[in-house]
Every structure is written in C-alpha cells, then in structure tokens.
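Colleague: Below: one structure in structure tokens.
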Amino acid sequence: MARKWFLLISLLALLVVPMMASAQDDAMEPPPGFESWDAVVEAARGQTVNWYMWGGSDSINGFVDTFYGEVLAEEYGITLNRVPLTDTVDAVNQVLSESEAGVAEDGGTIDMIWINGENFFTLRQADLLYGPWAQNIPNSALVAWDNPAVNLDFGRPVDNYESPWSSAQFHFIYDTARMGEDDLPRSYAELTAWIEANPGRFSYVAPGPGAFIGTRFVKQIFFEVSGGQEQWVGEFNQDLYDEWAPVVWDLLNSWEPNLWRAGETYPAGEAEHLELFANGEVDFAFTQSPSGAAPWIGSGQIPPTSKGFAFTENMIGDFNYVAIPYNAPNKAAALVLANLILRPDRQAAQVQPDNGFCCGWGIDVSRVTDEAGLAAIEEAFENLGAAAEDPNILAAALVSDIAAEYQALIEADWEANVLRR
C-alpha cells in the first residue's frame with residue numbers, strides 16, 4: 001500500500017505537466033522586508049501569530065493547536081493564536097475594511113489566513129496581500145511550483161502570494177456491507193442509471209456558499225457531458241458555460257423523481273449528507289480526504305465497513321493555501337508558521353486519520369531527501385487504512401479545478417434551474 005500512495009502523491013504533484021528543473025538550486029532570496037531567513041526567525045521570536053481560519057471542525061482545530069502551536073512555542077518562541085471563522089470571507093472583509101479605513105502596514109489584526117479560490121482572488125485583485133513570498137521560505141523547495149494545480153488557484157495565478165498547506169480530491173463513500181465494488185457507478189452516466197434503478201437511495205449536497213463540495217459535484221458533471229475538463233481550464237468562458245449549463249440542469253432535473261424525498265429537498269451541507277448515509281437513508285456520501293471514509297469511521301459517525309470510491313475520470317483535486325495580509329502586524333511569525341506547515345513531518349501528520357486533519361499533501365514527497373522526513377512519510381503511508389480508495393484510481397481520475405467565476409454562477413443557476421424549478 002505504501003508504494004501505491006507514493007504513486008498517487010507523485011501523480012498529484014505532476015497533475016498536468018512533467019517536472020521542470022527546480023529553481024531552488026539557486027540561492028533563495030529572503031522574503032520581502034528581510035535580509036535573510038535567519039533574520040525572519042529572529043524577528044519572529046516573541047511574536048504572536050494571529051491565524052484566521054475556518055473553525056467548524058473541532059478535530060482540525062485540535063490538530064492546528066497541537067501540531068503547529070506546540071512546535072512554534074517550543075522551537076521558535078512564537079505563540080499561536082488561532083482565530084476561528086464561520087466563513088473565510090469574514091477575514092477577507094476584515095482586511096478590506098482595514099484598507100478602506102487607511103490602516104497602514106503592520107497595523108492590522110490578521111497575520112495569516114487559510115484561504116483559496118475567490119477569497120484569495122478578492123484580496124489579490126485589491127492588492128491587499130503581503131508578498132511575493134511563497135517561494136522565499138526554505139521549505140518551498142519541497143513544493144511543485146511548476147504544477148498548475150499548485151500555481152493556479154481556481155484558474156488564477158498564485159503569483160507567490162499564497163503558500164500551499166494541503167490538498168484534497170473529491171470522491172465518494174459507500175458501505176461495503178450494502179453493496180459490492182462491482183455495483184458502483186464509475187461515471188455520471190452510470191450514476192444516472194444507478195439512480196433510476198435504485199429510487200430514493202441517492203441525494204447530493206445542495207451547491208451554495210459554504211457547501212463547495214456540492215458545487216464541485218455539479219461542476220464535474222459539466223466536464224463529463226461536455227467531453228472533458230481540459231477545455232474548462234484557463235480564463236472564465238461564458239460562451240462555454242452557456243452552451244453546457246442547460247444540459248446539466250436537464251440531467252439533474254431528470255434525476256429528481258428518483259432522488260431521496262423525490263428531490264423536494266437536498267442536504268444543506270456535507271455533515272447533513274453524511275448523516276443520511278450513516279442512517280442508511282442514502283447509499284453514498286461525499287469526501288475530499290485521501291483516506292476516504294477513515295476520518296468518519298474513526299469518529300464513530302459512519303459504519304466501519306464504509307470505504308471511499310471514485311469515478312474513473314473528472315474527480316477534482318486542488319490545493320488550499322495560507323496567505324498574509326498586507327498589514328499583518330507579525331509577518332515574521334506568519335512566515336515561520338507557513339514554513340513549518342510544509343515541513344515533511346508536519347505534512348505526514350496531516351494526512352493520517354488519527355490526527356484529525358486528514359487532508360492530502362501540500363508538498364511533492366519525491367523532493368524530500370532528509371532521513372527524518374522520509375521516515376515520517378513512510379509511516380504516514382503505512383497508517384492509511386483500507387477505508388481509502390485505491391490511489392491508482394484516484395490518480396487516474398484527478399483533474400484540477402477551474403476559474404472561480406464558475407463557482408457562484410453554478411450555485412445561483414442550480415438554485416434557479418433545479419431547486420426552484
């Protein structure tokens with residue numbers, strides 16, 4: 001199994017293009033405003049880093065406090081202040097408000113934000129992020145910056161203004177006690193037939209703000225019915241969307257008579273959908289975790305016979321990031337934290353279900369050469385259990401996400417053309 005996971009992570013790191021020669025052979029330039037990395041570490045000592053991040057998961061909160069907070073304090077003399085958010089847009093609005101009020105550099109309240117997609121694009125477009133810095137921290141040498149899944153965030157260039165934390169890939173969960181592997185649909189076309197043959201046994205998360213996993217489920221339908229994901233990569237294309245949106249809404253509407261509760265209502269979020277699965281009301285749930293069903297088996301939320309599975313293509317995978325606002329008062333501490341996040345032993349910790357975070361790698365593990373890092377990675381691979389989909393299937397199905405403009409458009413049009421039809 002360990003070798004299989006090495007294959008998956010290598011393919012994730014090489015999503016679209018082959019590896020290019022690393023620029024990290026050259027001497028690393030320090031982050032803006034600092035003369036060297038040693039100067040960053042020295043300036044950070046004694047600081048408190050205010051990390052604003054979505055706080056809806058107790059297990060993720062605990063992971064951050066333990067695997068980052070304790071190390072920051074012990075090794076760097078930095079205090080971690082994790083500030084929980086209901087929605088990342090709250091942090092974005094805070095930075096925007098401070099800018100409008102004329103708050104100068106170093107005078108803000110936020111040092112780092114867990115961010116991606118339209119939230120990153122909003123701050124980047126307004127020129128309200130510190131940087132460019134993401135390739136100017138030591139552990140950036142472990143990041144596959146030549147990979148479009150890394151250097152493009154929902155189709156927009158990262159431009160070294162955010163640094164990866166982890167990765168995720170959409171797929172499904174089923175219960176092996178209810179059905180066999182040969183009975184699983186492996187495409188939306190097969191899912192359509194499955195829904196018709198199993199009325200009332202399927203539902204999906206309603207697309208919308210805060211329910212991106214439902215939006216992603218629908219977005220992948222666009223890829224399949226239009227003949228492939230490649231044409232959707234790059235700048236937003238209204239004509240392409242207008243051509244295929246009616247096909248998608250027709251397909252989803254054709255499902256409704258055979259959906260859970262005949263499509264009169266949809267799960268409002270991932271947790272509600274998972275509860276329907278756990279209660280045996282529907283036969284599939286959604287996951288973004290590389291360990292499939294393991295996190296929820298471990299927490300006792302779903303049957304221990306549950307397992308991840310993926311379609312054979314068009315399963316969206318992406319990276320999430322951390323960014324530093326232009327007016328962060330403790331930039332040095334934020335830089336040290338961003339570098340720690342990429343350290344191989346911390347990356348290995350985050351993929352293991354027992355630690356509570358259980359997202360994918362933010363680094364390319366093939367770039368790790370130190371003995372301690374390699375040992376931590378190997379241990380992580382060995383700890384990923386049988387509740388995960390075959391990593392070769394995940395790797396073969398992997399595609400990148402697309403421009404952020406599609407997100408809100410799909411959510412609004414799904415509500416108008418499916419939910420309220």
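Colleague: I need the full set of residues from segment 331-351 which are assigned to a loop (DSSP other than H, G, I, E, B) and buried (at least 24 other Cβ atoms within 10 Å of the Cβ), in order please.
Modeller: Listed by number, the list holds a single entry, Val351.
Colleague: Determine which member of the set Ala395, Ala388, Ala328 is in a helix (DSSP H, G or I) and on the phi < 0 side of the Ramachandran plot. Walk me through how you get there before you give the answer.
Modeller: Details: Ala388 fails: in a helix (DSSP H, G or I); Ala328 fails: in a helix (DSSP H, G or I).
None of the other options fit; the residue is Ala395.
Colleague: Would you point out the residue of segment 249-303, among those that are acidic (Asp, Glu) and part of a loop (DSSP other than H, G, I, E, B), that is surrounded by the fewest Cβ atoms within 10 Å (Cβ to Cβ)?
Modeller: Restricting to residues being acidic (Asp, Glu) and part of a loop (DSSP other than H, G, I, E, B), the top hit is Glu264.
Colleague: Can you give me the number of residues within segment 367-395 that are β-branched (Val, Ile, Thr) and over 18 Å from Ser167 (Cα atoms)? Before you say what the answer is, go through the steps one by one.
Modeller: If we filter segment 367-395 for residues that are β-branched (Val, Ile, Thr), which is where we start, we get 368-369, 377, 393.
Retained after the next criterion (residues that are over 18 Å from Ser167 (Cα atoms)): 369.
Here the count works out to 1.
Colleague: Does at least one position in segment 173-187 carry a residue that is at pLDDT 95 or above, under 26 Å from Ala404 (Cβ atoms) and basic (Lys, Arg)?
Modeller: no
Colleague: Could you list, ordered by first residue, the pairs with Cβ atoms under 8 Å in which the first is in segment 133-158 and under 14 Å from Asp401 (Cβ atoms) and touching a residue at least 40 places away in the same chain (Cβ under 8 Å) and the second is β-branched (Val, Ile, Thr) and surrounded by fewer than 20 Cβ atoms within 10 Å (Cβ to Cβ), at least 6 apart or interchain?
Modeller: Asn147/Val16; Asn147/Val17; Pro148/Val16; Pro148/Val17; Pro148/Val233; Ala149/Val16; Gly155/Val233
Colleague: Quick one: Asp182 ticks every box in (1) among the charged types (D, E, K, R); (2) in the same structural domain as Phe309 (by TED's automatic domain parsing); (3) farther than 30 Å from Val248 by Cβ except a single one, so which number is it?
Modeller: For Asp182, the failing item is (3).
Colleague: Look at Ala376 and say whether it is free of Cβ contacts under 8 Å to residues at least 40 places away in the same chain, in a helix (DSSP H, G or I) and under 30 Å from Tyr204 (Cα atoms).
Modeller: Here the answer is no, as Ala376 does not meet what is asked.
Colleague: Right, next: Are any of the residues in segment 316-329 under 18 Å from the mean Cα position of the chain (by Cα) and among the hydroxyl-bearing types (Ser, Thr, Tyr)?
Modeller: Yes, segment 316-329 has at least one match.
Colleague: Considering only residues of segment 65-81 that are assigned to a helix (DSSP H, G or I) and touching a helix residue (DSSP H, G or I) at 6+ places or on another chain (Cβ under 9 Å), which is farthest from Leu340 (Cα to Cα)?
Modeller: Step one: of segment 65-81, the residues assigned to a helix (DSSP H, G or I) are 65-76.
Add one more test, that the residue is touching a helix residue (DSSP H, G or I) at 6+ places or on another chain (Cβ under 9 Å), and what stays is 66-68, 71-72, 75-76.
Details: Thr66: 13, Phe67: 10, Tyr68: 7, Val71: 9, Leu72: 8, Glu75: 11, Tyr76: 10 Å.
Ranking the candidates gives Thr66 first.
Colleague: Another question about this same structure. Return the only residue of Val71, Val89 being surrounded by 14 or more Cβ atoms within 10 Å (Cβ to Cβ) and closer than 21 Å to Ala349 by Cα.
Modeller: Residue meeting the stated conditions: Val71.
Quick grid of which residues meet (1) at pLDDT 95 or above; (2) in the same structural domain as Ala380 (by TED's automatic domain parsing); (3) within 23 Å of Val150 (Cβ to Cβ):
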| residue | (1), (2), (3) |
| --- | --- |
| Leu12 | no, no, yes |
| Asp38 | yes, yes, no |
| Gly46 | yes, yes, no |
| Ser57 | no, yes, no |
| Asp87 | no, yes, no |
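Colleague: Here are the criteria: (1) surrounded by 15 or more Cβ atoms within 10 Å (Cβ to Cβ); (2) within 18 Å of Leu259 (Cβ to Cβ). Tell me which single one Lys219 does not satisfy.
Modeller: Every condition holds for Lys219 apart from (2).
Colleague: Moving on to the next point. If you go through segment 386-408 one residue at a time, do you hit one that is assigned by TED's automatic domain parsing to the domain that holds Asp153, out of contact with any Lys or Arg (no Cβ under 8 Å at 6 or more places or on another chain) and of a type in the set (D, E, K, R)?
Modeller: no
The values are calculated or read from the model by the stated rules, or taken from the named source; none is laboratory data. Everything numeric here is computed off the predicted structure, so don't read it as measured data. Ideal geometry is used to build each Cβ from the backbone, glycine not excepted, and the neighbour counts take in all protein chains shown.
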